Every structure is written in C-alpha cells, then in structure tokens.
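Working notes, structure below.
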Amino acid sequence: MRELLNKRLASRPYVSVVAVRNDLAEAGGKLLPATLNSYLVEFTRAGLIHDAGRGWYSSLAVPFTLNREPLSSLVQQLNRAFPLLDFSCWSTEQIASSGHHLLAKFVSFVHTDRDSMQSVFEFLRDKGFDAHLNPRGAAAAHFVVRQRTVVVRPKVTTQPAEDHFVTIEGLLVDLFVERRDLRLIDSGEYFQILGNVIRAGRVLVGRLVEYAGKRKTAAVDLLESINREFFKNSPLIDSQHPAVPHESIKASRK
C-alpha cells in the first residue's frame, strides 16, 4: 500500500481515495474501506501525505497562500460602511501572476445577499469605483474592465470564504463562471491559471469540487471541463482515473 501511494504521488501532487482504490483493484489487491482509511490516516500523521479536502490528499505540505492585499482596502471600506453585512470578495489581481498573460487591468467581485446589492452598488459607485450591479444579458455583453472595476453579485450560500475573503477554491470556481459570463479570459488561460495555482501550493481539491457541484448549470460545464481539458491532460491524474467523479457531475445536473 505504501509503495503504491508513493508511486502515484511521485508523478502527481494530488491523489483521491477513489484513484487509490482503483489502483489497488487493477493491481489485483483489495482493502476494506476501514483498512484503507487507517492507512491514509497513518500516512497523514507521518507527513507522507496531507489533507486536500474531502476524499483527497496531496504531497504538497504547504497550503496555497492567496494574496489578500489587492482587496484589503475594499473590504475595509465595506466593513466600515456596512458593519453587519454578510459579504465576500475576490479579485482577478489575486491570481494575475499565475496566468500565461499578465493582465493589465483587474476586476473585483463583491458577493452579498440580494436585498443588500443595490446599497452596496451605490456605495461603491459614490466612492469612485467603476461599479456594476449584477450584469447579465446585454449588460454583460458590453462589460469592459476599466480602472477600479467592481462587480456586485448575489452571494452563493455555499461559497467558501474566510473573513470576507473568498478562498482560493471558491475563487477558481467563480473565475470559471465569470470568465465565460463576462468574457474575462479564454478557456486556455483559465486552465493555465488553475494548473499553476494547484502546483504552487496545496489546494483543497475536495472543497473546489464540492463548491463547483453547487453551482448547478455552471457546475456541469466546470466539472466536465476540468476532466476533459485539465486533469486528463496534466500530470495531476491520468486519463483512467478522472479527477472529478462522474457522480459529482450527475448530481450537478439535478
């Protein structure tokens, strides 16, 4: 079991319990779920692998650190103006260095409840931001990133965030959605960013997949694209063991 796990992690920094179980089956071996879990707990305690979210492990010991500086001023202003507001923020500037092309301009997103969106939008507009209130349809088609551009969107209850900052897992999912809706970047650039991020530090892949699965229609495209465009064509996981379980994709269609 130890040799099998070491072999898999030697060529890719992430591994799922499903992939390990499949490897064992192909090698003619079989472990009871409780026995497999005990091995994984033992390896985690020994520092051979590290938790990467529900059902996922990684050889990367250091978690990915998402730069909060580009959003610190925005979060402070919102906290002062709306001390009781439930909101979360992320910005393309936070992952700008992870792409193939350096972005010249950045857009920030503020997610809050629908009843507060108008007030937040007006506050940002009055503070000199290039604010946009939940652009859809024609407004989204004509969207252009300028200086100090901020988009106000409704908050998804399952969006992972800490202290008003969306986590890297939430950012990667939301960026996939927004890169299409607002034409921020193309598909190739997105997967370049995704690949660089999850190699630079440990990302909770289980959390990413779980949140993506809550995005309904968008989740189907994201999960299938991750399998088709990224994980199957990267050293993270081989084509026989898709990174995103088909069960997650099926659940997103419901």
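The table that follows gives values for the structure above.
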item: Rounded if a/c under 1.5, otherwise prolate or oblate - the range 69-186, Cα gyration tensor axes; result: rounded
item: Dipole of the range 1-139, positive end: most advanced residue of S97, A25, Q77 [Cβ charges, Cα centre]; result: A25
item: The range 71-177, dipole about Cα centre (Lys/Arg Cβ +1, Asp/Glu Cβ -1), debye to the nearest 20; result: 380
item: Under the Karplus curve 6.51 cos²θ - 1.76 cosθ + 1.60, θ = phi - 60°, whole-Hz ³J(HN,Hα) for the range 149-162, x wherever Gly or Pro sits; result: 6, 9, 10, 9, 10, x, 7, 7, 4, 8, 4, x, 8, 9
item: Vicinal HN-Hα couplings computed from phi for the range 57-65 (Karplus, 6.51 cos²θ - 1.76 cosθ + 1.60; Hz; Gly/Pro x); result: 9, 9, 7, 7, 6, 8, x, 5, 9
item: Under the Karplus curve 6.51 cos²θ - 1.76 cosθ + 1.60, θ = phi - 60°, whole-Hz ³J(HN,Hα) for the range 185-196, x wherever Gly or Pro sits; result: 9, 8, 4, x, 5, 4, 6, 5, 5, 4, x, 5
item: Amide H partners (placed H, <5 Å) of F165, local residues excluded; result: C89
item: Reachable aspartates and glutamates from K214, criterion Cα separation under 15 angstrom, eight or more residues apart if same chain; result: E169, D174, E224, E247
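Where a number appears in this text, it was derived from the coordinates with a stated rule and is not lab data. Since the model is a prediction, treat every value here as computed from it, not as a measurement. Ideal geometry is used to build each Cβ from the backbone, glycine not excepted, and the neighbour counts take in all protein chains shown.
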